[in-house]
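Trainee: This is the structure, below, for whatever I ask next.
The values are calculated or read from the model by the stated rules, or taken from the named source; none is laboratory data. In this text the structure is predicted, and so the values were computed from the model without any measurement. Cβ coordinates were reconstructed from backbone atoms using ideal geometry, including for glycine residues, and neighbour counts include every protein chain displayed.
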Amino acid sequence: MKRKEVYLAIGSVLVAFGAAEAAARIFLPAPFRSGEEPVIHRVRLHRSDPRIGWVLSETPVRVPHRLADAQGNVQYDVTYTVAAGQRRTSENPPEAPPVIATGCSFTFGHGLNDQDTWPWLLQQRSPRYRVMNVATMGYGTDQALLAAERQVDRSRRKPQAVVLGFADFQIERHRSPQGWMVHVYPFSKPLFEMVGTGIAYQRQVRFWPLGPLGHSDLLAHAANTLANRAYGIPSHEQARDLTVALITAFARRFESDRVRLAVVILPYVADTEPQAKLDTAFVVEHLRAAGIPVLVPEFPRLPGGYFDFKRYLLSPIDRHPNRQYNLELTDQLEPFLSSVLPAQ
């Protein structure tokens with residue numbers, strides 16, 4: 001009798017779980033699961049870092065990156081050259097005062113050869129400086145600023161400036177939700193928190209994988225929700241405030257070391273969306289009010305203000321900036337920097 005009751009209880013649990021699983025698959029969006037290759041899967045290009053999450057390789061490496069569409073048409077076939085935690089820029093005087101470029105894949109130059117990135121082009125336009133590119137694919141502004149600060153500390157000659165390439169999509173990265181962390185798994189990233197008008201580092205955030213159990217939508221949803229609550233993931237509005245606080249706090253830290261922070265807003269294909277426009281305007285307004293130089297470059301637009309992706313992006317299936325984008329950006333960035341940096 002007892003055995004029958006046990007079997008009945010097990011059967012009831014299985015039926016309930018099956019019903020809940022079916023409901024999750026029908027009524028809930030697909031949960032976040034770790035895939036075989038994250039966004040920043042190029043292992044030789046990156047290494048794990050306990051503070052920043054991941055950084056560029058210290059060991060000199062040349063990493064190929066080739067992309068083809070479903071029909072086999074090659075979209076790009078490039079090589080990234082990295083050493084000492086930096087992407088290669090054009091030859092520069094080793095004793096020239098450094099300018100540190102930092103940001104995410106737009107500044108690193110995803111899908112581009114070294115000579116097509118904007119830090120490389122800026123170096124060619126600014127021979128009196130030594131441009132260092134510490135931007136890394138997948139970075140939020142918090143990681144970009146931490147990487148720049150590390151380079152400031154390790155540079156033999158005091159840098160003149162840090163140039164942050166910013167786009168509003170970095171705001172969501174500062175939240176560190178499981179929906180973003182799945183793209184950078186197995187790496188972690190830092191989570192900062194606002195304390196008064198300043199910021200404080202809280203913890204490293206990771207994606208919570210479930211292994212074989214992750215095939216269940218119900219369990220995957222539960223893991224996503226539990227992880228977000230355990231980490232105390234902020235709302236989008238809180239992350240937007242945090243973004244301004246992060247940039248302002250690092251600007252003050254750099255200033256105390258006599259290094260200027262300047263911000264360049266990087267246009268992209270979805271920057272005309274209402275939320276993107278609102279977020280960008282909020283960040284620009286508050287940074288300028290704090291006395292931080294901000295460049296909002298002017299790019300020719302399509303009717304309706306839409307970004308011309310055929311002219312400025314790599315391909316229809318990879319909407320990162322191309323060389324033409326970086327050339328036009330540098331045309332505006334070089335005089336902007338000349339106006340905010342001390343005369344040599």
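Trainee: Among the helices (runs of 4 or more DSSP H) contained in the stretch 216-316, which hold 2 or more residues that are over 30 Å from residue 25 (Cα atoms)? Give the steps one after another, and end with the answer.
Mentor: Values: elements: 217-231, 236-256, 274-289, 309-312.
In the stretch 216-316, the matching helices (runs of 4 or more DSSP H) lie at 236-256, 274-289, 309-312.
Trainee: Which is among the basic types (Lys, Arg), part of a loop (DSSP other than H, G, I, E, B) and more than 25 Å from residue 327 (Cβ to Cβ), of 157, 150, 173, 128? Before you say what the answer is, go through the steps one by one.
Mentor: On the way: 150 fails: part of a loop (DSSP other than H, G, I, E, B); 173 fails: part of a loop (DSSP other than H, G, I, E, B); 128 fails: more than 25 Å from residue 327 (Cβ to Cβ).
After applying the criteria, what remains is 157.
Trainee: Restricting attention to the stretch 110-132, does a residue exist that is within 26 Å of residue 225 (Cβ to Cβ) and touching a residue at least 60 places away in the same chain (Cβ under 8 Å)? Steps first, answer last, please.
Mentor: Pass one, the stretch 110-132, residues within 26 Å of residue 225 (Cβ to Cβ): none.
No.
Trainee: Pick out the one residue from 149, 172 that is of a type in the set (D, E, K, R), within 15 Å of residue 239 (Cβ to Cβ) and at pLDDT 95 or above.
Mentor: Values: 149 fails: within 15 Å of residue 239 (Cβ to Cβ).
Result of the check over 149, 172: 172.
Trainee: State the number of residues belonging to the stretch 160-170 that are assigned to a loop (DSSP other than H, G, I, E, B) and in contact with a strand residue (DSSP E or B) (Cβ under 9 Å, 6 or more places away or on another chain).
Mentor: 3
Trainee: Also, quick follow-up: Please tell me if residue 99 is in contact with a strand residue (DSSP E or B) (Cβ under 7 Å, 6 or more places away or on another chain), more than 18 Å from residue 335 (Cα to Cα) and among the aliphatic types (A, V, I, L, M). Outline the logic, then answer.
Mentor: Numbers: in contact with a strand residue (DSSP E or B) (Cβ under 7 Å, 6 or more places away or on another chain): yes; more than 18 Å from residue 335 (Cα to Cα): no; among the aliphatic types (A, V, I, L, M): yes.
Answer is no for this residue.
Trainee: Take the residues in the stretch 64-105 that are of a type in the set (A, V, I, L, M, F, W, C) and touching a Phe, Trp or Tyr at 6+ places or on another chain (Cβ under 7 Å); name whichever of them is modelled with the lowest pLDDT. Before you say what the answer is, go through the steps one by one.
Mentor: Going through the stretch 64-105, the residues of a type in the set (A, V, I, L, M, F, W, C) turn out to be 67-68, 70, 74, 78, 82-84, 96, 99-101, 104.
Subsequent filtering for residues that are touching a Phe, Trp or Tyr at 6+ places or on another chain (Cβ under 7 Å) retains 67, 96, 99, 104.
Working: 67: 92, 96: 88, 99: 96, 104: 97.
Per the stated criteria, the residue is 96.
Trainee: Testing residue 139 on (1) more than 16 Å from the chain's Cα centre (by Cα); (2) free of Cβ contacts under 8 Å to residues at least 60 places away in the same chain; (3) not in a helix (DSSP H, G or I), one condition comes back false. Which one is that?
Mentor: (1)
Trainee: Right, next: Tally the residues that are touching a Ser or Thr at 6+ places or on another chain (Cβ under 9 Å) and either without any contact (Cβ under 8 Å) to a residue 60 or more places away in the chain or assigned to a loop (DSSP other than H, G, I, E, B) (or both), restricting the search to the stretch 317-337.
Mentor: 1
Trainee: I'd like the full set of residues that are among the basic types (Lys, Arg) and either surrounded by 12 or more Cβ atoms within 10 Å (Cβ to Cβ) or closer than 19 Å to residue 145 by Cα (or both), limited to the stretch 303-318.
Mentor: Residues of the stretch 303-318 that are among the basic types (Lys, Arg), as a first pass: 310-311.
311, the sole residue that qualifies.
Trainee: OK, next. What single numbered condition from (1) touching a helix residue (DSSP H, G or I) at 6+ places or on another chain (Cβ under 9 Å); (2) of a type in the set (D, E, K, R); (3) modelled with pLDDT of 95 or more fails to hold for residue 252?
Mentor: Result: residue 252 fails condition (1) only.
Trainee: For residues that are of a type in the set (Asp, Glu) and touching a residue at least 12 places away in the same chain (Cβ under 8 Å), scanning just the stretch 268-302, find the one that is surrounded by the most Cβ atoms within 10 Å (Cβ to Cβ).
Mentor: So, considering only residues that are of a type in the set (Asp, Glu) and touching a residue at least 12 places away in the same chain (Cβ under 8 Å), the one surrounded by the most Cβ atoms within 10 Å (Cβ to Cβ) is 279.
Trainee: Next question, about the same structure. Suppose the filter is in a strand (DSSP E or B) and of a type in the set (Gly, Ala, Ser); does residue 179 pass it? So that I can check it myself, show each step before the final result.
Mentor: Details: in a strand (DSSP E or B): no; of a type in the set (Gly, Ala, Ser): yes.
In short, no.
Yes or no, residue by residue, for (1) among the polar types (S, T, N, Q); (2) more than 19 Å from residue 148 (Cα to Cα):
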residue: 61; (1), (2): no, yes
residue: 67; (1), (2): no, yes
residue: 76; (1), (2): no, yes
residue: 81; (1), (2): yes, no
residue: 104; (1), (2): no, no
residue: 122; (1), (2): no, no
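Trainee: Could you say which residue among 44, 128, 88 is closer than 25 Å to residue 329 by Cβ, of a type in the set (D, E, K, R) and in contact with a strand residue (DSSP E or B) (Cβ under 6 Å, 6 or more places away or on another chain)?
Mentor: Working: 44 fails: closer than 25 Å to residue 329 by Cβ; 128 fails: in contact with a strand residue (DSSP E or B) (Cβ under 6 Å, 6 or more places away or on another chain).
Answer to the selection: 88.
Trainee: Kindly provide the set of residues from the stretch 232-250 that are over 12 Å from residue 142 (Cα atoms) and of a type in the set (Gly, Ala, Ser), ordered by number.
Mentor: Those that are over 12 Å from residue 142 (Cα atoms) and of a type in the set (Gly, Ala, Ser): 232, 235.
Trainee: Please name all residue pairs, on different chains or six or more residues apart, with Cβ atoms under 7 Å, provided the first residue is in the stretch 73-100 and is touching a residue at least 12 places away in the same chain (Cβ under 8 Å) and the second residue is of a type in the set (Asp, Glu).
Mentor: Matching pairs, first to second residue: 75/69; 75/318; 81/114; 84/58; 85/58; 87/114; 88/114.
Trainee: Separate question: Evaluate the following for residue 125: is it surrounded by fewer than 24 Cβ atoms within 10 Å (Cβ to Cβ) and more than 23 Å from residue 314 (Cβ to Cβ)?
Mentor: Working: surrounded by fewer than 24 Cβ atoms within 10 Å (Cβ to Cβ): yes; more than 23 Å from residue 314 (Cβ to Cβ): no.
Here the answer is no, as residue 125 does not meet what is asked.
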